[in-house]
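In what follows, a structure is listed as structure tokens, so that the remarks can point back to it.
The values are calculated or read from the model by the stated rules, or taken from the named source; none is laboratory data. The structure displayed is predicted, hence computed values, not measured ones. Heads up, the Cβs are rebuilt from the backbone with ideal geometry, glycines too, and the neighbour counts pull from every protein chain shown.
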Amino acid sequence: MKAYRIALLPGDGIGPEVVAEAVRVLEAVAPALSYEEFSVGAGQYLRSGDPLPPAVFDRLRQFDAILLGAMGLPEVRRPDGLEITPQLDLRERLDLYCGLRPVYLFHPQDSPLRNRTAGSIDLLLVRESTEGLFAGRLRPADPASDCVEDTLRITRRGAERILRAAFRQAMRRRKRLTLVDKANVLPSMAFLRRIFHEVAREFPEVATECLYVDAAALLLVREPERFDVLVTENMFGDILSDLAAGLVGGMGMAPSADIGDRHGVFQPAHGSAPDIAGQGIANPVATILSAAMMLEWLGESAAAEAIRRAVRAALSDPTVRTPDMGGRLTTRQMTDAILAALAPIAPQPR
């Protein structure tokens, strides 16, 4: 394995706890990796007035990948009232347009849906992460105004590249792709749907459908098995990925990746959970699975699959659960269970 350099951004709340556990797993399957830790997030904002200092950002661009824990605290806000979100700054400044949110049911007991089996829910949500309704989030608003507007921005370039990325993901999976939009009422979404049909001609092997976001939300709950890959705008992706995570055990089971043409940031989809920070009970699975996504992106597929198989093996035991999923294991004990399952299947050094 190549000696990749990984930047660690543990962040706030439970971020440092879950990142530390992911590194334990990475050290077991990829000992050639090296790490450097940086302070980014709400804590850094309180210390220096900048949650993502320019010198740190310049350094981050030099690493092979970035593993992020969680950022932001509800009580730490900018003067305009918005939370500190340097993870969004990273997506935009590194042009990480392709958000990948895999959703997989490891055990029937983890789903609120009846009569599901392990693996029956297995989908990938592809979220455009640099445009959409988030595009104007930093635009100043007049606090004295009686009207504040947000703009939903979709460009042809942005649409084409996220749609092609989604089609490529579908080609690697079950070759089914669903566009989620609101093309019946929003001109920007009608534009997105038109480009979707254009790009679809480049991938004739992929079966396609288009769903309005409200219908997609309903069908995700009623028939999640029908979905393979879904692609959607930034805000819709933000909402639907949380909904989908709820079908398989919650945010502690939700890994994610934000990928561009040159850089990749990998993080659990959950927040900083300050209410449980420091108690040692946070669920590390989402971060461990995000680390597996990082290895996959770096080209280390065997190591990535070893982690995924170990997680599946550990979670096949219904008692191996942290409190967020009704169990009693600590953060470290959950990782210990995954490491125990990993031992016999870890890839051999090359």
Those strands (runs of 3 or more DSSP E) lying entirely in the range 225-305 with at least 1 residues of a type in the set (D, E, K, R): 255-259
Given (1) among the polar types (S, T, N, Q); (2) touching a residue at least 24 places away in the same chain (Cβ under 8 Å); (3) surrounded by fewer than 17 Cβ atoms within 10 Å (Cβ to Cβ), number of the condition Thr117 does not satisfy: (2)
Those residues of the range 166-189 which are of a type in the set (A, V, I, L, M, F, W, C), surrounded by 15 or more Cβ atoms within 10 Å (Cβ to Cβ) and in a helix (DSSP H, G or I), in sequence order: Ala166, Phe167, Ala170, Met189
Residue satisfying condition, being in contact (Cβ under 8 Å) with a residue 60 or more places away in the chain and touching an Asp or Glu at 6+ places or on another chain (Cβ under 6 Å), within set Gly249, Gly237, Gly271, Gly264: Gly249
Lone qualifier among Asp95, Asp122, Asp89, Asp110 - being under 17 Å from the mean Cα position of the chain (by Cα), over 30 Å from Arg156 (Cβ atoms), surrounded by fewer than 23 Cβ atoms within 10 Å (Cβ to Cβ) and not small (Gly, Ala, Ser): Asp122
Among (1) of a type in the set (A, V, I, L, M); (2) modelled with pLDDT under 95; (3) surrounded by 14 or more Cβ atoms within 10 Å (Cβ to Cβ) - the single one Ala144 does not satisfy: (3)
Qualifying residues in the range 80-133 (those that are out of contact with any Lys or Arg (no Cβ under 8 Å at 6 or more places or on another chain) and basic (Lys, Arg)) - the one farthest from Pro224 (Cα to Cα): Arg93
Hits in the range 61-115 (condition: aromatic (Phe, Trp, Tyr) and more than 26 Å from Arg24 (Cα to Cα)): Tyr97
Enumeration of residues in the range 45-82 that are free of Cβ contacts under 8 Å to residues at least 24 places away in the same chain and crowded, with 16+ Cβ neighbours inside 10 Å: Pro53, Val56
Checklist (1) farther than 20 Å from Phe134 by Cβ; (2) surrounded by fewer than 21 Cβ atoms within 10 Å (Cβ to Cβ) applied to Gly15, failing item: (2)
Out of Ser129, Ser111, Ser48, Ser120, sole residue that is small (Gly, Ala, Ser) and touching a strand residue (DSSP E or B) at 6+ places or on another chain (Cβ under 7 Å): Ser129
Some residue of the range 126-149 being assigned to a helix (DSSP H, G or I), touching a residue at least 60 places away in the same chain (Cβ under 8 Å) and within 27 Å of Met294 (Cβ to Cβ): no
Where Ala20 falls short, out of the listed (1) within 21 Å of the chain's Cα centre (by Cα); (2) part of a loop (DSSP other than H, G, I, E, B); (3) surrounded by fewer than 20 Cβ atoms within 10 Å (Cβ to Cβ): (2)
Breaking point among (1) more than 26 Å from Gly327 (Cα to Cα); (2) basic (Lys, Arg); (3) surrounded by 15 or more Cβ atoms within 10 Å (Cβ to Cβ), for Arg309: (1)
Scope the range 190-210; condition touching a residue at least 24 places away in the same chain (Cβ under 8 Å) and part of a loop (DSSP other than H, G, I, E, B); matching residues: Glu202, Phe203, Glu205, Val206
